[in-house]
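Have a look at the structure below, then the notes.
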Amino acid sequence: MNDVFKQIYEMEGVSGLSKHDQLVNGILNAIQKKALAQGDLLPSVNNLINEFGFARETIARAYKDLVTRGIVESRNRVGFYVSNCDIKQHLKVALVLFAFDAFQETFYKVFRSKVGRGVHIDVFFHHNNIDVLESTIQNIRGRYGLFVVAPIPHKRSAGILSTLPMDRFLMIDRYEKIDGDFSYIAQEFEKSSYRVFEELKDTIKQYDAMIYYHRPAADTPIEILHAFKSFVKTYKIKHGIFPEYIPGTLEKGKVYFTINNTELWSMLKDCKVKKLKPGKDVGILSHNDEVVKELIFDGITTYSADFKVMAEKAAEFVLTREKIQEIIPTVLIRRKTL
């Protein structure tokens, strides 16, 4: 501990350094000179007050700065530890996603590119499992400078996410209400889905019925189900709602709507097997656009928020720390299948 104090004292002679900078640079020097190693316990706030007479707020701010850089880790009721001896590391970000599917892969690639090499990103997946989300948040809390999280629509989510520091938290993809003022970049499902269905209604009415596959136990937004029910009721559309697509059940004269890509590929395979032409014999609508949907079967009609834009705005938040609360517009992309 004396070696750490020595490095902090040496900063007193550096012109223009505030007490905050003296403390931060002293600890960084102690790490660089191997007076501190990864896993070592740092002086407590009270130790530093007694030794240097610094204000408690100054010490807390200095430690927060080191946590934000990913160099120091905070452990509840224990103290502060050295978590990373790479003192050139400027920022460590925890990115928590649903899963590494195509559109979230798009988000990650753009996000990774835009934040630059000076930011370290660790990626975690909760797979829409609330217990996994809770365990993940418990493990990353206090170890990262920023937290970028795609939440789960669940009654426990608010309590889990509210344990993170709201000034260093960004909610992405879906919006879930939690206590406190926080930043978010999300998409909206119910009003946007209804608007898309309305835009397509004249084409949908040319078919005998519209079938929607809603997976209640999965990550399918319940808001889309509400929009679908409201739409078919308002426009008197014959319809069906099923939990999953059963291969081989595709029928001529119907519109099929699914959010799940595995179901979409199965429908398209059945089109080939049954010699049904999408956009003529059957209609197909998919959620979340991606490059492959632009290319296959002369193009799949989709509607989606732009995950590239979401990623760019998330990266800007990481780099500037400026508060943002924004809903990314949903766009209908009409192609051959509907």
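The values are calculated or read from the model by the stated rules, or taken from the named source; none is laboratory data. The structure presented is a predicted model; accordingly, all values stated were derived computationally and were not measured. Because the Cβ atoms are built from the backbone with ideal geometry, glycine has one as well, and the counts that use them run over all protein chains shown.
Residue by residue through the stretch 31-45, note down the ones that are touching a residue at least 40 places away in the same chain (Cβ under 8 Å) and part of a loop (DSSP other than H, G, I, E, B). Hits for the stretch 31-45 are LEU36, ALA37, GLN38, GLY39, ASP40, LEU42, PRO43.
Beta carbons closer than 8 Å, at least 6 apart along the sequence or on distinct chains, pair a first residue in the stretch 95-121 that is under 17 Å from GLN187 (Cα atoms) and in the same structural domain as LEU170 (by TED's automatic domain parsing) with a second that is of a type in the set (Gly, Ala, Ser) and part of a strand (DSSP E or B) for PHE103/SER304.
Against the criterion of being in contact with a helix residue (DSSP H, G or I) (Cβ under 6 Å, 6 or more places away or on another chain) and either more than 18 Å from VAL148 (Cα to Cα) or of a type in the set (D, E, K, R) (or both), PHE107 does not qualify.
Counting only residues that are closer than 16 Å to ALA314 by Cα and among the hydroxyl-bearing types (Ser, Thr, Tyr), how many does the stretch 72-125 have? Looking only at that region, the number is 3. Residues being in a loop (DSSP other than H, G, I, E, B) and farther than 15 Å from TYR213 by Cα: count how many of those fall in the stretch 252-287. Total meeting the criteria: 8. The condition of being under 26 Å from the mean Cα position of the chain (by Cα) and either free of Cβ contacts under 8 Å to residues at least 12 places away in the same chain or outside any strand (DSSP E or B) (or both) does not hold for THR249.
Matching residues to (1) surrounded by 15 or more Cβ atoms within 10 Å (Cβ to Cβ); (2) assigned by TED's automatic domain parsing to the domain that holds LYS323; (3) polar (S, T, N, Q):
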{"residue": "VAL132", "(1), (2), (3)": "yes, yes, no"}
{"residue": "GLN138", "(1), (2), (3)": "no, yes, yes"}
{"residue": "ARG143", "(1), (2), (3)": "yes, yes, no"}
{"residue": "PRO165", "(1), (2), (3)": "yes, yes, no"}
{"residue": "MET171", "(1), (2), (3)": "yes, yes, no"}
{"residue": "ARG174", "(1), (2), (3)": "yes, yes, no"}
{"residue": "LYS177", "(1), (2), (3)": "no, yes, no"}
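If you go through the stretch 281-328 and pick out every residue that is in contact (Cβ under 8 Å) with a residue 40 or more places away in the chain, surrounded by fewer than 16 Cβ atoms within 10 Å (Cβ to Cβ) and not charged (D, E, K, R), you end up with 5.
Taking (1) surrounded by 15 or more Cβ atoms within 10 Å (Cβ to Cβ); (2) within 30 Å of HIS126 (Cα to Cα) in turn, ILE222 satisfies each apart from (1).
Please find, among GLY159, GLY180, the residue that is over 20 Å from ALA99 (Cβ atoms), touching a strand residue (DSSP E or B) at 6+ places or on another chain (Cβ under 9 Å) and not hydrophobic (A, V, I, L, M, F, W, C). So the residue among GLY159, GLY180 that is over 20 Å from ALA99 (Cβ atoms), touching a strand residue (DSSP E or B) at 6+ places or on another chain (Cβ under 9 Å) and not hydrophobic (A, V, I, L, M, F, W, C) is GLY180.
Counting residues in the stretch 45-54 that are in contact with a Leu (Cβ under 9 Å, 6 or more places away or on another chain), exposed (fewer than 15 other Cβ atoms within 10 Å of the Cβ) and on the phi < 0 side of the Ramachandran plot gives zero. Please go through the stretch 3-30 and pick out each residue that is surrounded by 18 or more Cβ atoms within 10 Å (Cβ to Cβ), of a type in the set (S, T, N, Q) and either part of a loop (DSSP other than H, G, I, E, B) or touching a Gly at 6+ places or on another chain (Cβ under 6 Å) (or both). Within the stretch 3-30, GLN7 is the sole residue that qualifies. In the set LEU264, LEU295, LEU250, LEU276, only one residue is modelled with pLDDT of 95 or more, closer than 27 Å to LYS308 by Cβ and not basic (Lys, Arg); that residue is LEU264.
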